[in-house]
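First up is the structure itself, then whatever we jot down about it.
The values are calculated or read from the model by the stated rules, or taken from the named source; none is laboratory data. Bear in mind that the values here come from a model prediction, so they are computed numbers and not experimental data. Positions of Cβ are backbone-derived with ideal geometry, glycine not excepted, and every protein chain shown enters the neighbour counts. Accessible surface is based on the protein model in full, side chains and every heavy atom, while ligands, DNA and RNA are left aside. Shrake-Rupley method; radii C 1.70, N 1.55, O 1.52, S 1.80 Å.
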Amino acid sequence: MRRSLQLQAAPMRRSLFRKYFLALFTAVIVPVTASGISDAWFGYRDQRAMLSALVRVEATSAAGKIQSFLDGIKDQLGWTVQQSWAHDEGQHRLDALRVMRRVPAIVSITLVDDVGIERLYVSRIDLNRREGGSDRSGDPAVVGVRSNGTWYGPVTFHDGSEPFMTMATAGNRKAGGIVVAEINLKLVWTVVSEIRVGSSGRAFVLDQTGRLIAHPDISKVLQGTDKNTAAALTRLRDEIAFAGGEATTARNAENEPVVTAMAAIPGVGWTVFAEQAQAEAFAPLYASLWRTVGLLLAATVFASALAYWLARRMSGPIRLLEEGTEKIGAGQFEHRIDIATGDELERLADRFNEMAQELAMSRDRSERIARLKRFLAPQVAELVEKSGDESVLAGQRAEVVAVFCDLRGFTAFSAHAEPEEIMQVLREYYKALGAIITRYGATLTNFAADGLMVLVNAPVPCADPALRAVEMAIDMQDDVQRLIAEWRLHGHAIGFGIGLAMGWATVGRIGYEERVDYTAIGHVVNLASRLCSSADDLQILIDHAAAQSVRGKISMIALGTRQLKGFDEQIPAYDVGTRGGRSNAVHAPNEGSKG
């Protein structure tokens, strides 16, 4: 085995050395000019990446400040629509005035109730109104809030100077109504005016239509956006979008070559651009080219020596890792790798050893869970395994609900049906019941042919076990009756009955080392089994203890007392109604009808 590993590892060591030496030899003999071109290319790429990051950071920062500005206003406006209009309207006026005092950018606030009627108008520049009564339900702001929760209007300019925008939002409760506010966007101009990318870089903002709404030169905003400028800005936005949002080199609206990036403000659909002239952006690149030429030869020699040492240092650990990988792949999870290089290779070996240990633990855990899932619901098995405490499976006294169920007429059906038909019926039958048992977290103790025994409240206790067991039985009966309806279309006369009893029993594991089952022993188990045998198709028979526990929660019919096989006294029985009705009922004798 080791000889085989050595033969396989040797070519890889030679290939590793050959790779390093050929690469370094080429680097040594390549003309200095070629090395300079390569360095220039990587320098250009690094410089461009740095510029891209810088310009994107500026654009994102500006977008974040503008978004925070708008979100802050939105949060403050939310306080004005917290109270219902059934409360004192004076409180709404106080809330509106308080918000305007906290947020100087708000010029006016209009409060509209939940049916669209204006109830209050407060303004810094106009007369206030109370109980205006005008119908605002058709206003774009009110319609937009009802559709999206928050609405932002287009940007307008008052007196041809300051930009304004209308914002509307609704309260958490419908009764709070809608608040519509007019916002002074002068702060947006302040944000973009303060941004500097290098010495000549700048930032500006476009709205959804491509109109310039904020620029360091306010005159460009006031002049409006002509068709040529709009086309140039749209082209610039498309080029950045085509580049995946990364900064790109392009020509701006003034046809100047720039490095530019953009960031979106999702709430209002605006776009923030940051740009820097290409001549300024790449000036440091040319200076760095001359510095790299002098270091190229020394760096090549140093890289050659270092690569030789690294190849020697890496070949041994790589061989050990290859050998360890093969052993782990063969299932030898106890194998460990010992590498003491003090670097990433040693950490890699440590991670490899940890992986092997975790795989061994995972294998042991999977085996434990597999053993537990033979008789426990999957979620119960996971719970027992995760806690690491299997004492709940030890023999003990517990109050349980035992549930027995089997098919009616199955013996006669299996005597005449083909084996394939029998197996198909059982597969559908167990699949339906298994899903329900798992969903209710019950424990399947055993099954034989068409009969099942299920425990509720053991080994893991649950709240109201009788109710859970009865609801599980109802779901079982409903699902199996749907299957029975399909089986009868194929001429199979099959029914389904369930018996359920609640009481104390001894529960725990039973068996021997190679085969262990979890079961319950006691009077309640015998009683549930006999009730199942006594049940007709579509019946769910429960005993008196279970009936008392679910009384008032589940509808049932008292059937009086019955003489059950193996019991001296008459046993009271109750029939639990199902959701599916009794249209498919097939009656069988009360005694001896099992199977």
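Need the full-extension length gain, Arg173 to Ser199, defined as separation in residues times 0.36 nm minus the C-alpha distance. One decimal, nm.
Full-extension gain reported as 4.3 nm.
Say R0 is 45 Å: what FRET efficiency, to the nearest 0.05, do Ser68 and Arg45 get from their beta-carbon distance?
Plugging the Cβ-Cβ distance into 1/(1 + (r/R0)^6) gives 0.85.
Give me the one-decimal nm value for the distance between modelled label points at Glu569 and Glu239, 7 Å along each residue's Cα-to-Cβ direction.
Each label point is offset 7 Å from its Cα along the Cβ direction, giving 9.6 nm.
Which of the peptides 205-215, 495-505 is most tightly packed, and how do the rest follow, judged by the mean count of other Cβ atoms within 10 Å per residue?
Highest mean packing first, the order is 495-505, 205-215.
Carbon and sulfur together cover what percent of the accessible area of segment 64-149 at a 1.4 Å probe radius?
49
For segment 242-286, with every protein chain kept in place, what is the accessible area per residue (1.4 Å probe, Å²)?
Per-residue accessible area for segment 242-286 comes out at 42 Å².
If R₀ is 51 angstrom, what is the calculated FRET efficiency for the pair Ser219 and Gln396, using the beta carbon separation as r and rounding to 0.05?
Efficiency computed from Cβ-Cβ geometry: 0.05.
What's the magnitude of the charge dipole for segment 402-477 around its Cα centre, counting Lys and Arg as +1 and Asp and Glu as -1 at the beta-carbon? Answer in Debye, nearest 20.
Dipole of segment 402-477, to the nearest 20 debye: 240 debye.
Under 16 Å between alpha carbons, and skipping anything fewer than 8 positions from Lys431 in its own chain: which aspartates and glutamates qualify?
Asp406, Glu421, Asp450, Asp475, Asp478, Asp479, Glu486
Might you work out the accessible area of Thr60 for me, using a 1.4 Å probe with all protein chains in place, and round it to the nearest 10 Å²?
Near enough 80 Å² of accessible area.
Each label point is 7 Å from the Cα along the Cα-to-Cβ direction; what then is the distance between the points at Ile125 and Arg351, in nm?
6.2
Considering only protein heavy atoms and a 1.4 Å probe, what is the carbon-and-sulfur percentage of the accessible area of segment 423-480?
62
Write down the accessible area per residue of segment 543-582 in Å², having rolled a 1.4 Å probe over the full set of protein chains.
Ligands and nucleic acids excluded, the result is 58 Å² per residue.
For Glu428, Glu254, write out the residues from largest to smallest accessible area, computed with a 1.4 angstrom probe and no ligands counted.
Per-residue accessible area, sorted high to low, gives Glu254, Glu428.
Taking 0.36 nm per residue of separation and subtracting the Cα-Cα distance, what length does fully extending Lys186 through Gln424 add?
Full extension from Lys186 to Gln424 adds 78.1 nm.
Straight-line reach only, C-alpha to C-alpha below 20 angstrom: list the aspartates and glutamates that Lys220 could link to, leaving out same-chain residues fewer than 8 apart.
Hits, sequence-local ones excluded: Asp159, Glu162, Glu194, Asp207, Glu254, Glu256, Glu275.
Top to bottom by accessible area (1.4 Å), largest first, where do Glu256, Glu334, Glu275 land?
Glu334, Glu256, Glu275
Which order, highest average first, do 93-103, 416-426 follow once you tally other Cβ atoms within 10 Å for each residue and take the mean per peptide?
Per-residue mean Cβ counts within 10 Å order the peptides as 93-103, 416-426.
Using a 7 Å offset from Cα along Cα-Cβ at Arg562, what residues in segment 489-510 end up with backbone N under 12 Å from the label point?
497-501
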